[in-house]
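Q: Quick one: structure below, then a few questions.
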Amino acid sequence: MSMSTSRIARAVAAKDLRIELRSRVVTNQVLPFSGLVMVMFAFALDNDDVLQRTAGGLVWLATLFSLFILVQRTFAVETYDGALDSLRVAGVNPQGIFIGKSAALFVQLLMLESVLFIAAVVLYRVNVNGSGAVLLVTCILCATAGLAFVGTLYGGLTAGARGRETLLPLLLLPVVAPVLICATRATESAFRSGGVTVGEGWPWVAVLAVFAAVFGLGGLLSFGSLIEE
Amino acid sequence: MSANSVINFVDAVAVYNGYPALAGVTLRVERNEIVLLQGPNGAGKSTLLRACAGLMPVIRGTANVLGFDLTVDRESVRERVGLLGHQNGLFGELTIAENVSFWSTVVGASTAERTSAMERMSIDGKLAERRVSELSAGQKRRCALACLVVRRAELWLLDEPHAGLDAKGRDEIDHIVKEAVASGATVVVASHEIERAQQLATRTVSLVAGQVRDSQ
């Protein structure tokens, strides 16, 4: 990564996080929303055994729902007053924009997931041992990186489109399905739900890492073209 | 195309939403000129500015800006062009200082250049700490111009730069444009405020239905 790309990425990430700190969309809107989703799942399933077994999937499903809001928000700040156009006309390296926006999204998702996993422990009474915690943290990091890359990529693609609010979930859901599946399996292993062992979770984490690498690389190569008119 | 030509369009065609917004524009702008684009709404003024900035593809004809052939490569020219469109390109949640700082960082401008741009636009001091969302239209425009100044662009493309400004703000814009030209830049202004813009411009170009009708 060149100095210029790194400088742009840091500036974009710092700007996005500063805007989030000021607007408090994650803390005031996304967190309550995903918390409510977790509680509604608990009401709907209403069975401790089922909840413990499905806790991983429910956390990741709540994360995916929240991802749509976060991605739309992160590109709304760019398109509201034409900043994305200004970045393009200023010849700002699109790779720097992609890395910066992905990094900011990664941090916000990580904050959200931390709260959701704590909520899962409290609401669904799951527990995790030492080796399970290592698996869980690695799974969260890989899955979040994948979600941040793919979210930024598709957010850029739909940023200027009409009906982007509905278009984004339609495009994004099928693409993030592998993350949902792999992260859920790995999390079930970390929680040892349904008799699975911690060791069984690592191959799923490997797939998550490959997913993140593919979309990270794909984003670096194609983000510039995607944000063009 | 002469060595001094900054813009050289010959029969250039650009399509916007399936409609030929530029329907064969022929226009030459020389270095250090201030050219006023005038014409009714929908005449293609904004499209022409966006095409010159490399934001809109020119699908037919000749389109050279600062020596770059825009029909082949629309991206290389962008680093040398500054566009102030209808929108300001600012972030409402950030302060003036943070906005100018962000744009300075991404274009690689120095702290001295940033400070100087803010002073020139009279958006320094206490005002610099106010969030953009709390500013008047004129203050936002001045902030956007400060972000443009730090770019050190060779070609300034200004779309309705006087819109929303009071008399003092309009005078400031004119002063900044003259300063930019004095330092070697070329300026193309699209405006409905003909009298004011004509005082500023060295030449007026009339656009009608995506074509240049008159140049004097």
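Q: Mind listing the phi-derived Karplus ³J(HN,Hα) values for the stretch A:221-227, rounded to whole Hz, using 6.51, -1.76 and 1.60 with θ = phi - 60°, and x for any glycine or proline?
A: 7, 10, 4, x, 5, 5, 8
Q: So what's the back-of-envelope 222 nm ellipticity for chain B, counting only DSSP H runs of four-plus at -39500 (n - 2.57) apiece and dividing by all residues, rounded to 500? Write out the running numbers ahead of the final one.
A: Numbers: 6 runs with 66 residues, N = 216.
Per the formula, -9000 deg cm²/dmol.
Q: OK, next. Determine, for B:R151, B:R80, the number of other Cβ atoms within 10 Å of each Cβ, and report the residues in order from fewest to most. Before the final figure, lay out each step's value.
A: Working: B:R151 25, B:R80 18.
Sorted ascending by nearby Cβ count, the order is B:R80, B:R151.
Q: May I ask you to evaluate 6.51 cos²θ - 1.76 cosθ + 1.60, the Karplus curve with θ = phi - 60°, for each residue of the stretch B:32-44 and list the ³J(HN,Hα) values in order in whole Hz, giving x for glycine and proline?
A: In residue order, the calculated couplings are 6, 7, 10, 9, 9, 9, 10, x, x, 4, x, 6, x Hz.
Q: Same structure, new question: I'd like the projected area of the stretch B:55-125, averaged over all directions, using the convex hull of its alpha carbons. Report it in nm² with one decimal. Intermediate results must be reported in sequence, preceding the final value.
A: Numbers: hull surface 25.3 nm².
With every direction weighted equally, the projected area is 6.3 nm².
Q: Still on this model: If you place +1 on the Cβ of every Lys and Arg, -1 on the Cβ of every Asp and Glu, and leave all else neutral, what size is the dipole of the stretch A:3-226 about its Cα centre, to the nearest 20 Debye?
A: On the way: 15 positive and 12 negative charges, 111 e Å.
Charge dipole of the stretch A:3-226: 540 debye, to the nearest 20.
Q: I've got another one for you. Please report B:K168, B:K45, B:K126, B:K178 as a ranked list, fewest other C-beta atoms within 10 angstrom at the top and most at the bottom. Show your work: numbers first, answer last.
A: Values: B:K168 10, B:K45 26, B:K126 6, B:K178 13.
The fewest-first ordering by Cβ neighbours comes to B:K126, B:K168, B:K178, B:K45.
Q: Size of the dipole of the stretch B:29-145 about the Cα centre, Lys and Arg at +1 and Asp and Glu at -1 on the beta carbon, nothing else charged, in debye to 20? Working shown, then result.
A: On the way: 15 positive and 13 negative charges, 64 e Å.
For this selection, approximately 300 debye.
Q: Quick one: work out the % antiparallel among DSSP beta bridges in the protein assembly as shown, nearest 5.
A: On the way: 21 of 38 bridges.
About 55 percent, rounded to the nearest 5.
Q: What nm distance separates the two modelled labels at B:R130 and A:E228, each placed 7 Å from Cα along Cα→Cβ?
A: 4.1
Q: The stretch B:29-64 to the stretch A:34-61: how many Å between their Cα centroids?
A: Using only Cα atoms to place each centre, the spacing works out to 57 Å.
Q: Now for a separate question. How much mean residue ellipticity at 222 nm does chain A get from its helices, if each DSSP H run of length 4 or more adds -39500 (n - 2.57) and you divide by all residues, to the nearest 500 deg cm²/dmol?
A: Mean residue ellipticity, 222 nm, calculated: -29000 deg cm²/dmol.
Q: Just need log10 I(q)/I(0) for the protein assembly as shown at q = 0.07 Å⁻¹, Debye formula, equal scatterers on the alpha-carbon atoms, no solvent, rounded to two decimals.
A: Per q value, in the given order, log10 I(q)/I(0) is -0.42.
Q: Now, a different point. How big is the convex hull of the Cα atoms of the stretch B:1-137, per residue, in Å³? Don't skip to the answer; put the middle values down first.
A: On the way: hull volume 19.8 nm³, N = 137.
So the per-residue hull volume is 145 Å³.
Q: Positive end of the charge dipole of chain B (Lys, Arg +1 and Asp, Glu -1 on Cβ, about the Cα centre): tell me which of B:V15, B:L90, B:G184 has its Cα farthest that way.
A: Sorting the options by dipole projection puts first B:V15.
Q: Considering only A:N47, A:S189, A:S6, whose Cα is most displaced toward the positive end of the charge dipole of the stretch A:3-226, charges sitting on Cβ of Lys, Arg (+1) and Asp, Glu (-1)?
A: Farthest towards the positive end: A:S6.
Q: In debye, nearest 20, what is the charge dipole magnitude of the protein assembly as shown about its Cα centre with +1 on Lys and Arg Cβ and -1 on Asp and Glu Cβ, if you could check?
A: Values: 39 positive and 39 negative charges, 51 e Å.
Dipole about the Cα centre, nearest 20: 240 debye.
Q: Quantify how strongly other chains surround peptide B:86-98 by giving the mean number of their Cβ atoms within 10 Å of each of its Cβ atoms.
A: Numbers: counts 2, 7, 4, 10, 5, 10, 7, 9, 5, 2, 0, 0, 5.
The mean count of partner-chain Cβ atoms within 10 Å per residue comes to 5.
Q: To continue, here is another question. Compute the long axis of helix A:48-79 from its Cα atoms, compare it with the longest principal axis of the Cα atoms of chain A, and write down the angle in degrees, 0 to 90, nearest 10.
A: 10
Q: Another question about this same structure. Take every Cα-Cα pair in the stretch A:3-226 and report what % of them are more than 29 Å apart. Don't skip to the answer; put the middle values down first.
A: Values: 6670 of 24976 pairs.
The proportion of pairs with Cα distances above 29 Å equals 27 percent.
Q: Quick one: A:E78, B:E195, fewest Cβ neighbours within 10 Å first, how do they rank?
A: On the way: A:E78 25, B:E195 7.
Ordered from fewest to most neighbouring Cβ atoms within 10 Å, A:E78, B:E195 come out as B:E195, A:E78.
Q: Right, here's the next one. List the trypsin sites (Lys or Arg not before Pro) within the stretch A:15-116 that DSSP assigns to loop and that have no more than 14 neighbouring Cβ atoms inside 10 Å.
A: Numbers: sites: A:K15, A:R18, A:R22, A:R24, A:R53, A:R73, A:R88, A:K101; in loops: A:R24.
Filter output for the stretch A:15-116: A:R24.
Q: Rank B:L37, B:V81, A:A213 by how far each Cα sits towards the positive end of the charge dipole of the protein assembly as shown (+1 on Lys, Arg Cβ; -1 on Asp, Glu Cβ) and give me just the farthest.
A: Checked the options; the winner is B:V81.
Q: Still on this structure, please answer the following. Using the alpha-carbon atoms, what tilt in degrees (0 to 90, nearest 10) does helix A:130-158 show relative to the longest principal axis of chain A?
A: 30
Every read-out reported here was derived from the displayed coordinates using simple, explicitly stated rules and does not represent laboratory data. Computed from a predicted model, the values in this text were never measured in an experiment. Using ideal geometry, Cβ is built from the backbone for each residue, glycine included, and neighbour counts are taken over all protein chains shown.
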